[in-house]
1. Using a probe of 1.4 angstrom, how much of the accessible area of the range A:280-424 is carbon and sulfur, in percent?
2. Name the residue farthest towards the positive end of the dipole of chain A from the options A:Ile326, A:Ala233, A:Ala402, assuming +1 on Cβ of Lys and Arg, -1 on Cβ of Asp and Glu, about the Cα centre.
3. Can you give the extra length, in nm with one decimal, that the chain gains between A:Ser140 and A:Gln60 once fully stretched, where that is 0.36 nm per residue apart less the Cα-Cα distance?
4. For a Förster distance of 41 Å, can you work out the FRET efficiency between the beta-carbons of A:Ala278 and A:Arg391, rounded to the nearest 0.05?
5. With an 8 Å Cα cut-off and a minimum separation of 6 or more residues, compute the relative contact order for the range A:327-424 in percent.
6. Mind grabbing the accessible area of A:Asp255 for me, 1.4 Å probe, Å², rounded to tens?
7. Computed FRET efficiency, Cβ-Cβ of A:Ala271 and A:Arg240, R0 45 Å: what is it to the nearest 0.05?
8. Once you sort the root eigenvalues of the Cα gyration tensor of chain A as a ≥ b ≥ c, which label holds: rounded (a/c under 1.5), prolate (a/b larger than b/c) or oblate (the other case)?
Amino acid sequence: MNIYKELKDRGFIYQETDVENTEKILTEEKVTFYVGFDPTGSSLHVGHLLPIMGMRLLQQAGHTPIVLVGGATALVGDPSGKSSARPILTKENVAENAAALKEQLSRFISIDNAIFVNNIDWFEGVKYIDFLRDIGSKFSVNKMLAAESVKQRLETGISYLEFSYSLLQAYDFYILNRDHNCRMQFGGQDQWGNIVAGTELVRRMNGSQSCAMTFPLLLNSQGEKFGKTAGAAVWLDPERTSIFDYYQFWRNCDDADVGKLLCYFTNLPLAEINDLAALEAPAINRAKEILAYEATKLAHGKAEAEKAYLAACGKFGFADPKGDIITSSEVASIKSQAIEADLPTYEIASGELAGDGMWIVKLFTDCGLCKSNGDARRLIKGGGAYMNDERVSNMDQNLVEADFVDGSITLKAGKKNIRKIILR
RNA sequence: GGUGGGCUUCCCGAGCGGUCAAAGGGGGCAGACUGUAAAUCUGCUGCGGUAGCUUCGGUGGUUCGAAUCCACCGCCCACCA
């Protein structure tokens, strides 16, 4: 397999620093490469997934990934992106987040064949004057000002702190090149300026050639940033985004995006993806099922993916019950038999029903289906609230124990947001 | 440091001292239609078991009454130094 071609055909390559040699290096040698992650949260979300899938492909092709956790750079904040300042993280925070990151990454890449580093380890000992002399002297402000990410911020303003960010990221690459013979860097397309600064610094400091590539910024066909639903991120942590909802996120993608998403987020061969993406009318839904199943399997494992698939199909129907559509996905071997399982649940104690019972509006809020009582009330008024698949019309109603047939109730906000309320 | 401009609800942005929980747009949510899609149309979009309550960078003040006026502070932008 030609890994370079694979990456290219699947759409992973946005820009590359060394168009002539990258393919040669990737196909003829085994290299060590790195991708940086900001440890700003305790969980990754699907917005992080594209570089992870890229790493995965590279690792499977025999290259060695370095996962760099930006414990130091997170304290500075990359200017490319948001204008608001990032919250300052404590060292403990970063350590926790880094551990969580590693855990989640382990589902996508083999951590035994990967190197984990935290740039706080080398930045901590750096002396400012030394840094200025050794590293700062290698940078031309003229050039930095010309960088696209800086240019944009020049209009609205950029602090020196943020302006320096590319030096820090470049320094990372230099260290990794020196200590781990890391020769490639990958990152999001917004990282281009920082990444180029890195390859240049490596050349000047270590006298060695390095190269880099950026991944495209994922937008859905609407031109919106990918990875959010209901304005909130879709997390890999099942505590934050239930596996069912994770599955549903993929399942509900836009028709126009299925092919692209299959390329990025599944291992299915390209030829098959092209066929799936070309499916017409309702059959395209099978492609979405396959996407959702495969993506969920990667993030949460086969058993959970199967459960989510069957639970979702149980609710909404199977797109291809007879199995007419050919796929190499394991989903094909799952019997089209709906199971009532793995809906996101919420438990309440029977004590909460004491007295007058529990106000239905409050229950909608408590279980997370609505943001506030007002939100829940509006939902009911608008006819979007369901209890056991019947529209809730009376927002004053109180639920008592007798309402819990078999100890549970199913609430829905709209057709798709389900929560099973279990009485205990 | 000086001068000028700005800081409004998730975002952009309008806001005469009362009729402002605050126009309009975007986004989001829900309903109808569908294919658990898109497009379209409709409703909703601060909190509150609806009496009220808390918002317009912050703090004080003027006033019966302030997002709107004044003072100070903070932050951002532009030009000058």
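The values are calculated or read from the model by the stated rules, or taken from the named source; none is laboratory data. Just so we're clear, the structure is a prediction, and the values are computed from it rather than from any experiment. A quick note on method: Cβ atoms are made from the backbone with ideal geometry, for glycine too, and the neighbour counts reach across all protein chains shown. Surface areas here come from the heavy atoms of the whole protein model, side chains and all, with no ligands, DNA or RNA. Shrake-Rupley method; radii C 1.70, N 1.55, O 1.52, S 1.80 Å.
1. 46 percent
2. A:Ala233
3. 25.0 nm
4. Efficiency for this residue pair is about 0.60.
5. So the answer I get is 34 percent.
6. About 90 Å², rounded to the nearest 10.
7. Plugging the Cβ-Cβ distance into 1/(1 + (r/R0)^6) gives 0.80.
8. prolate
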